[in-house]
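No lab work stands behind these numbers, since they all come straight from the coordinates. These figures come from a predicted structure and were not determined experimentally. Because the Cβ atoms are built from the backbone with ideal geometry, glycine has one as well, and the counts that use them run over all protein chains shown.
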Amino acid sequence: MGANRSHAATSTRTSGATDTKPLRILLADDHVIFRQGIRTLLERYGFEIVAEADDGREAIRLAQEVTPDVAILDLAMPQLSGSEAAQEITRVSPNTRAILLTMYSEEPYVAKALQVGITGYVLKTQSSADLLQAISDVMAGGIYLSPGISQAIVNAYLARHELSSHPLTVREREVLRLVAEGKTTREVAQDLGISTKTAESHRMRIMAKLDIHATAGLVRYAIRQGLIRP
């Protein structure tokens, strides 16, 4: 996983014996200046940026529309986290490889990424070569983890957990994240564009599925799942 540390990264994909096209990339990050910097970097190396998103939900919609080769996603985004968005992106656009670009190297975030099938996990504290190498590796069918990710964390997680699907739906995870952030049912409804009654129904189903019946317990669960920061 990321063992090859060479700084070269291909920016083309082969579609025939003599025909090559630049890799098509979707960028999702709510920090516009940072996103512009990544775009400039990737375009310098010959990649084509086909779409940009400010939040996880928009990233999913755009991925379904443009079917990029690679989706590079910030972990902490509005509406839906990078991990949650990646899970949906690989469903609506199965040929898209997802790479998380994040500040967080703690176990819950890495574990969640592995659980939903993300094949690249890049720390923002690393150099640009790290991201280029991640793109190269995932397009070759491999998995890339930044050098700053402790292999011990990954091994410990894999030893304890058999990767399985999350018990909650995407909408329920959205509701859980907002509840864990301290939003009231009315605020959850407003943020998601649903009725207060529907938001409350989601909350009750979440509690029933998880067998958790207090907000404090939901917050702890959300932290363990990497849905919110501690």
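Key figures
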quantity: Net lengthening on full extension, Ser105/Gln126 (0.36 nm per residue, minus Cα-Cα); calculated: 6.4 nm
quantity: Segment Val66-Lys197, extension gain: residue separation times 0.36 nm, minus the distance between their alpha carbons; calculated: 43.7 nm
quantity: Förster-model FRET efficiency, 35 Å R0, Gln190 and Ile143, C-beta, rounded to 0.05; calculated: 0.35
quantity: At most 15 other Cβ within 10 Å, DSSP loop - GluC sites (Glu not before Pro), the range 174-222; calculated: Glu181
quantity: Estimated FRET transfer efficiency when R0 is 25 angstrom, pair Glu181-His31 (beta carbons, to 0.05); calculated: 0.85
quantity: Estimated FRET transfer efficiency (Arg91, Thr215; beta-carbon r; R0 30 Å; 0.05); calculated: 0.50
quantity: Backbone HN-Hα couplings from phi across the range 64-81 [Karplus 6.51/-1.76/1.60, Hz, Gly and Pro as x]; calculated: 5, 6, 10, 6, x, 6, 9, 10, 9, 10, 5, 6, 9, 10, x, 6, 7, 5
